[in-house]
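The values are calculated or read from the model by the stated rules, or taken from the named source; none is laboratory data. For clarity, every value in this text was computed on a predicted model and none was experimentally measured. Virtual Cβ from ideal backbone geometry, glycine too; neighbours counted across all protein chains shown.
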Amino acid sequence: MKQHEGPKSISLWLTISIIAISFSAIFVKWSDAPASILSMYRMWFASILMLPIVWKNRAEFKKITNKDWYFLLFSGFFLGLHFLLWFGSLKLTTVASSTIILALQPIVSLIGGFLLFKERTTSSALVTMGIAIVGAVMIGWGDFGLSQQAILGDLLSFFSVIAVVVYLLIGQTIVKKVSHWIYSFSVFFIAAIVLTIYNLVTFTPFTGYPAQEWGIFLLLAIVPTISHVINNWLLSYVNATTISMSILGEPVGSTILAYFLLQERLVAGQIAGGMLVLVGVFLFMMQKHKPVSLNDSVKESPL
């Protein structure tokens, strides 16, 4: 594809990407396997599927220093933790609640950037953060009407956001040294090992699952990965902001799919809270990409 093919083509690929990533939650809901097994086999199968491309670019491994490998180990650990927590969340709460809370990732990332790197932001961005956080609280409040398990699922989803942000913050320097393929393979492989150890320690069975479950394991490794491949390819045609905005499409797509494929219904609190989260994150991301002035920046903040 070339850039002169126009926005219709780019919009089509972005739509495909959103649909692909939206199926991740559906696959987890379809499975009866433990969250740790789903996470482990997704990482193992994804690593295996990437081997041909990684082998072709294996010379890039020489660019990774011993210090970088330590960072990769921690990055892979938190990636595995993210999938363990998020898949566990989907076992307890609705697709809508779990995926909308995932949309808080840019905001949690900003908080992590401030705590670790003293990155500044604007007061207006903080307001939009507040809107999204209120929305997340409303989702949890709405889930009180479902069950205590749903509340636990919401919490697991939020903790999974923290885990994936730590994963991204740790790896953001290493990914500049090697291609996305080498970086992704490395952290996927490490996450697979971490999850394997977890399953060994907790005596979770590795086998004995029906053929349908193995099909879901494979689909989890393929379909969401297609979304990442498309997004990386589209970076040659659109800016990172456009790709980042697509994060708002996942909870919408997942919720629609869950309505038709899982017959999941939404309560009023979930709908209102979800809308606030999406609006808050959208406005936040718009503010984030505006220049930060000295007068508007927040230098000292408990966040």
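Points worth noting:
- For segment 156-164, the count of residues that are crowded, with 22+ Cβ neighbours inside 10 Å, farther than 14 Å from Leu79 by Cβ, modelled with pLDDT of 90 or more and touching a Gly at 6+ places or on another chain (Cβ under 6 Å) is nonzero.
- Of all the residues in segment 160-200, those that are under 22 Å from Ser109 (Cβ atoms), without any contact (Cβ under 8 Å) to a residue 12 or more places away in the chain and in a helix (DSSP H, G or I) number 2.
- Number of the exception - Thr241 against (1) surrounded by fewer than 15 Cβ atoms within 10 Å (Cβ to Cβ); (2) in a helix (DSSP H, G or I); (3) modelled with pLDDT of 75 or more: (3)
- Where Ser297 falls short, out of the listed (1) under 13 Å from Ala96 (Cα atoms); (2) at pLDDT below 75: (1)
- Test result for Phe206, touching a Lys or Arg at 6+ places or on another chain (Cβ under 7 Å) and at negative phi: no
- Among (1) modelled with pLDDT of 90 or more; (2) assigned to a helix (DSSP H, G or I); (3) of a type in the set (Phe, Trp, Tyr); (4) farther than 27 Å from Val277 by Cα, the one test that Phe203 misses: (2)
- Test: residue in segment 40-54 that is at pLDDT below 90 and either assigned to a helix (DSSP H, G or I) or at positive phi (or both): no
- For segment 258-275, filtered to residues that are surrounded by fewer than 20 Cβ atoms within 10 Å (Cβ to Cβ) and assigned to a helix (DSSP H, G or I), the residue that is modelled with the highest pLDDT is Leu261.
- Residue in segment 51-62 that is crowded, with 21+ Cβ neighbours inside 10 Å and in contact (Cβ under 8 Å) with a residue 12 or more places away in the chain present: no
- Conditions (1) in a loop (DSSP other than H, G, I, E, B); (2) without any contact (Cβ under 8 Å) to a residue 40 or more places away in the chain: number failed by Gly215: (1)
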